[in-house]
Amino acid sequence: MKALVIEKPFQASIQEVEYPIPGMNEVTIKVERTGICGTDIHIYEGTYMSSYPLIPGHEFSGVIHEIGANVTGYSVGDRVSADPNIFCGHCEYCQTHRSNQCLNFAATGVTRNGSMAEYVRVPANTLIRMPDPMTFQQGAFIEPMACVVYAMNRLQVQAGNRVILFGAGAMGQQLVQAISRSGASELVVVDISPSKLRIAEQYGATLTVLSDELDARLCGQTFDIVVEATGIPSVIQRAFSYMGPAAKYLQFGVADSDVTVSLNPFKLFNNDWTILGSMAVHYTTIPAMRWINEGRIQVDHLVSQTLSLEETLDFFEKPKDRDLLKTQIQI
Ligand SMILES: [Zn+2]
Ligand SMILES: [Zn+2]
């Protein structure tokens, strides 16, 4: 089968590789759509946990092509997506309901081959059925949306909270819709792209501000909730300065694994701040699927372009357009 293989950081190619035969408790999916995530860029650049060679791709939809031994409840032809995270089930964290912190963490497209290929093999217990009206384009949003559901569960927005969100990329835009439906009174969205800010305004932001104009426009204002969805250290550093008394801060954007920022511990103590992380998905794929299926959170307008596998190589190699939201691959 054809696959995009990252051989080592900054080196990828399209290769003919072996079809992944499903093992015990596994199925092989014929991939229809794969979303490209910021994490895939980190993997391409060698700044995430992956080892190489690797076929990336963890946001996908497709059709079951072959079923391994011991799998029940699924048939060839079923339309599915899958939770990429694979938990061991027996470590301390799995046994205490914190399995996204599994000590033996594995993930499709991160630590084992993913969906930037004609076929992907996954454990059957990670499958999610796609309801009939859901398109493959929408199905490939179940995983990123599940990250948003988990973030919202971490955040616990209170009625009337004032929120500021840094980053209006594809993930930021899903957060805009989720936060604006959660009871927040204000939602300020900050980005460098005017076109992304216009979309955020259409889907629930109460005010949008270009990064360059932020300090002048909001001078002296602070917020109850600060959400950082860029992962860029200078933006993170700046985001801290918008935390008000008793504020919550959520790090949603994935930063390079070796960068640091500074935080004043006296302010942390004195202001009763809460600093939250949000590690991917934690049994949140079903609510994510429902949000998409019911149209509560809309995703179709977030697809900026659909590429072939060959065009995806080019996409990895070139600088990214600041106005792009989600790029998907049609396999
Ligand atoms: Zn992702
Ligand atoms: Zn575990």
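The values are calculated or read from the model by the stated rules, or taken from the named source; none is laboratory data. Note that this is a predicted model, so its numbers are computed, not measured. Backbone-built Cβ (ideal geometry, glycine too); neighbour counts: all protein chains shown. Note: areas computed on protein heavy atoms with side chains; ligands, DNA, RNA excluded. Shrake-Rupley method; radii C 1.70, N 1.55, O 1.52, S 1.80 Å.
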Of the residues in segment 114-130, those that are farther than 16 Å from residue 146 by Cα and within 18 Å of the chain's Cα centre (by Cα) number 3
What is the number of the single condition among (1) modelled with pLDDT under 95; (2) aromatic (Phe, Trp, Tyr); (3) loosely packed, with under 14 Cβ neighbours inside 10 Å that residue 283 does not meet?
-> (3)
May I ask you to say which residue of 86, 142 is among the β-branched types (Val, Ile, Thr), in contact (Cβ under 8 Å) with a residue 24 or more places away in the chain and open to solvent by 20 Å² or more (accessible area, probe 1.4 Å)?
-> 86
Could you check residue 3 against (1) within 16 Å of ligand 1 (Cβ to nearest atom); (2) farther than 23 Å from residue 145 by Cβ and say which number it fails?
-> (1)
Hits in segment 43-62 (condition: modelled with pLDDT under 95 and open to solvent by 30 Å² or more (accessible area, probe 1.4 Å)) = 45, 46, 47, 48, 49, 51
Only listed residue being touching a residue at least 40 places away in the same chain (Cβ under 8 Å), among the small types (Gly, Ala, Ser) and crowded, with 18+ Cβ neighbours inside 10 Å, chosen from 124, 69 = 124
From the set of residues in segment 41-60 that are aromatic (Phe, Trp, Tyr) and within 17 Å of residue 315 (Cβ to Cβ), which is nearest to ligand 2 (Cβ to nearest atom)?
-> 60
Does segment 264-280 hold any residues that are aliphatic (A, V, I, L, M) and modelled with pLDDT of 95 or more, and which are they?
-> 268, 275, 276
Which pairs do you get when a residue that is more than 15 Å from residue 42 (Cα to Cα), found in segment 314-331, comes within reach of a residue that is part of a strand (DSSP E or B) and open to solvent by 50 Å² or more (accessible area, probe 1.4 Å), reach meaning Cβ atoms under 6 angstrom, with the pair 6+ apart or on two chains?
-> 324/304; 325/304; 327/305; 328/306; 330/306
List the number of the failed condition for residue 85; all other conditions in (1) closer than 24 Å to residue 175 by Cα; (2) more than 16 Å from ligand 2 (Cβ to nearest atom) hold.
-> (2)
If we only count helices (runs of 4 or more DSSP H) wholly inside segment 228-331, which ones have 3 or more residues that are under 21 Å from the mean Cα position of the chain (by Cα) and outside the structural domain of residue 110 (by the TED database)?
-> 233-240, 285-293
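Does any residue of segment 31-38 turn out to be within 16 Å of ligand 1 (Cβ to nearest atom) and touching a His at 6+ places or on another chain (Cβ under 8 Å)?
Scanning segment 31-38, I find at least one residue that is within 16 Å of ligand 1 (Cβ to nearest atom) and touching a His at 6+ places or on another chain (Cβ under 8 Å), so the answer is yes.
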Filter segment 103-116 for residues that are open to solvent by less than 10 Å² (accessible area, probe 1.4 Å) and either in contact with a Lys or Arg (Cβ under 7 Å, 6 or more places away or on another chain) or within 14 Å of ligand 2 (Cβ to nearest atom) (or both) and give the result.
-> 107
Enumerated strands (runs of 3 or more DSSP E) restricted to segment 61-164, each holding at least 3 residues that are outside the structural domain of residue 239 (by the TED database) and away from ligand 1 (no atom under 16 Å from the Cβ) | 119-123
Residue in segment 11-20 that is away from ligand 2 (no atom under 16 Å from the Cβ), surrounded by 14 or more Cβ atoms within 10 Å (Cβ to Cβ), in a strand (DSSP E or B) and touching a residue at least 40 places away in the same chain (Cβ under 8 Å) present | yes
